[in-house]
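These notes are about the structure you will find just below.
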Amino acid sequence: MKVTKIHTYDLSYPVERAFATSCVWNRARTIGVVEVETDAGITGWGEGSRVPAVGILTHALGRDPFDAQVLAAEATTAGCTPGAWSGVDIALYDIMGQAVGRPVHQLLGGAVHERLPVYASGLFLYDGDEPTAGLAQEAGAYVAAGFSAVKMKIGFGARIDAARVAAVRAAIGSEVLLAVDANCAYDAGTAIASTRAVAEHDIYWYEEPVPPTAVEAYREIRQAAPMQLAGGEALEGLNKFRDIVSKRALDIVQPDISIAGGFTACRKIDALTEAHGLRTLPHMWGSSIRLAATLHWQATLPEGAGLVPEPCLFEFDMTENKLRTELALTPYEQRDGYVVVPDAPGLGLQIDREVLARYTRKKQSVSD
């Protein structure tokens, strides 16, 4: 079996209402999709954080999809970033699974989980709203829908952070896990002030207080913070995780499969994290393709050794996202706080080509 064609799609659409993290307004949802065709009639799909340059893709033409690790190494040598190559790597694993009639998680060694507990990822600041507006209603709706954990946005200064977190905690009660995400808003000193301002509300983890390369700042914050520290979603490739993991600057490591380098890179990051006694909980923010890939990967992550291990929480994006709800013919949904791990061959999803065409701004192709 050989790769015969590779297509890249730059997808985007404007959201109905802009929403903000601590540092940027989100006015559109944008992804890069990769489609890989083979001479066996099998097509694989992947998603990267950006669309790779067409010239980089030519080295994969005529090659065996089962050589995914070799092709990833060659792409790196050729100057392709892990975030751009991620989509190709995911598509190759999709092809491999279909070729042998097995779900991708079996290619990775087998699923520990048949379903994963989900946390609702939302509670942004919306355009025109006061900092705490709508939080209680949104958070309460997540609990009513069956979520046992939620993650909210902070990073607006310690005082506003505390007010937002207090509003959400009051709405969800004491039994629901609450994580917060500052999206790199702070330096070490202001981050520590923020962790202390929200600590009384029983925070499960505090995510991305500072930029991902500020390893020494993460170490300082981790030593001072009264809750677990999480991060890593923006790091690309194994080497970018080396320092932050080896220096134990995090409690929870959060690679994103469409940024870190696909299945090939994430398996290595898992091993690095496990060897240092840290937890991996993947980040997920994208289309149904990234969601499916993350499900297969996260299903293979080990549970703790205790009788009551920490939950292997799966991130479920609750913002407006037509690329998650429309791109796959059968979209993934949570039921009663869980999402089922796919068991069909490959990634186990079919793409709606009409939806793909509707949101594609640019398509490029290479063939042998």
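Read-outs: derived from the displayed coordinates by stated rules, not from any lab. For clarity, every value in this text was computed on a predicted model and none was experimentally measured. Cβ atoms come from the backbone with ideal geometry, glycine included; neighbour counts cover every protein chain shown.
Would you work out which of His113, Gly41, Cys23 lies farthest towards the positive end of the dipole of segment 1-127, given +1 charges on the beta-carbon of Lys and Arg and -1 on that of Asp and Glu, about the Cα centre? Farthest towards the positive end: Cys23. Classify segment 106-340: rounded, prolate or oblate, from the alpha-carbon gyration tensor (a ≥ b ≥ c, eigenvalue square roots; a/c under 1.5 rounded; otherwise prolate if a/b is larger than b/c)? Judged from the Cα gyration tensor, segment 106-340 comes out oblate (a/c at least 1.5, b/c at or above a/b).
Kindly state, to the nearest 0.05, the FRET efficiency for Val340 paired with Arg267, given R0 = 25 Å and r defined as their beta-carbon distance. The computed FRET efficiency comes out at 0.65. At full extension, Glu320 and His276 could sit 12.2 nm farther apart than now, given 0.36 nm per residue minus the alpha carbon distance.
Scanning residues 5 or more positions from Val112 or on other chains, those with amide H under 5 Å from its amide H are Thr300, Leu301, with H placed 1.01 Å from N in the peptide plane.
Since only Thr76, His283, Ala299 are under comparison, the one whose Cα sits farthest along the positive direction of the charge dipole of the chain, derived from C-beta charges on Lys, Arg, Asp and Glu, is Thr76. Cβ-to-Cβ counts within 10 Å put Cys23, Cys184 in ascending order as Cys23, Cys184, the fewest first. Neighbour counts of C-beta atoms inside 10 Å place Glu303, Glu233, Glu310, Glu37 in the sequence Glu303, Glu310, Glu37, Glu233, starting with the fewest. For segment 33-39, 3J(HN,Hα) computed residue by residue from phi via the Karplus equation (6.51, -1.76, 1.60; θ = phi - 60°) reads 10, 10, 10, 10, 9, 10, 6 Hz, glycine and proline entered as x.
Can you pick out the pairs among Lys247/Lys322; Lys268/Lys363; Lys2/Lys240; Lys151/Lys322 whose Cα atoms lie more than 27 Å from each other? Over 27 Å Cα-Cα: Lys247/Lys322; Lys268/Lys363; Lys2/Lys240.
The HN-Hα couplings worked out from phi for segment 124-139 by the Karplus form 6.51 cos²θ - 1.76 cosθ + 1.60 (θ = phi - 60°) are 7, 8, 9, 3, x, 8, 6, x, 9, 5, x, 5, 4, 5, 5, 5 Hz, whole numbers, x standing for Gly and Pro.
With 0.36 nm allotted per residue and the present C-alpha distance subtracted, the Ala199-Ala78 stretch has 38.9 nm of extension available. Less than 5 angstrom separates the built amide H of Glu310 from those of Gly304, all sequence-distant by 5 or more or on a different chain. Each DSSP beta bridge with both residues in segment 106-340 is either parallel or antiparallel, and the antiparallel ones are about 15%. 3J(HN,Hα) along segment 109-114: x, x, 8, 6, 10, 7 Hz, from the Karplus curve 6.51 cos²θ - 1.76 cosθ + 1.60 with θ = phi - 60°, whole Hz, x for Gly and Pro.
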